[in-house]
């Protein structure tokens, strides 16, 4: 799909708003990945095959989705769909495993 000049007319304010939005989203995504890394390296979810499979599949899907978003000039609002499905889901499961093991004393 070819874009004309009328398709890409945006103000500097629009650009600054999207830049701030994506910077905040990427910061939160890095924080969620840090939670996953802490859970994995502490050994709490290292031997949980369902968590490992979900995390690998979600992060691979996010990589492909974000690549298409950048290369095909998708709207920036698609980032939040990719973020919620591919970063939040594994982090929530990781936190569930950590709480289950630490607070509820469930075996791994």
Evaluate segment 37-46: report whether one residue or more is over 20 Å from the mean Cα position of the chain (by Cα) and exposed (fewer than 11 other Cβ atoms within 10 Å of the Cβ). yes
Surrounded by 14 or more Cβ atoms within 10 Å (Cβ to Cβ) and part of a helix (DSSP H, G or I), is that true of residue 79? yes
Filter result for residue 11 (loosely packed, with under 10 Cβ neighbours inside 10 Å and more than 20 Å from residue 85 (Cβ to Cβ)): yes
Looking at segment 52-65, can you tell me whether even one residue there is over 17 Å from the mean Cα position of the chain (by Cα), loosely packed, with under 13 Cβ neighbours inside 10 Å, without any contact (Cβ under 8 Å) to a residue 40 or more places away in the chain and at negative phi? no
In segment 1-43, what residues are in contact with a helix residue (DSSP H, G or I) (Cβ under 9 Å, 6 or more places away or on another chain) and at pLDDT below 85? 10
Subset of segment 15-37, residues under 18 Å from residue 97 (Cα atoms) and without any contact (Cβ under 8 Å) to a residue 40 or more places away in the chain, comes to 31, 34, 37
If we scan segment 51-59, do we find a residue that is touching a helix residue (DSSP H, G or I) at 6+ places or on another chain (Cβ under 6 Å), part of a helix (DSSP H, G or I), modelled with pLDDT of 90 or more and within 21 Å of residue 27 (Cβ to Cβ)? yes
Would a scan of segment 3-17 turn up a residue that is under 12 Å from the mean Cα position of the chain (by Cα) and part of a helix (DSSP H, G or I)? no
Identify all residues within segment 67-103 that are free of Cβ contacts under 8 Å to residues at least 40 places away in the same chain and under 21 Å from residue 52 (Cα atoms); write none if there are none. 82, 84, 85, 86, 89, 92, 96, 99, 100
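The values are calculated or read from the model by the stated rules, or taken from the named source; none is laboratory data. Source: prediction; values computed, not measured. Neighbour counts run over all protein chains shown; Cβ positions are idealised from the backbone, glycine included.
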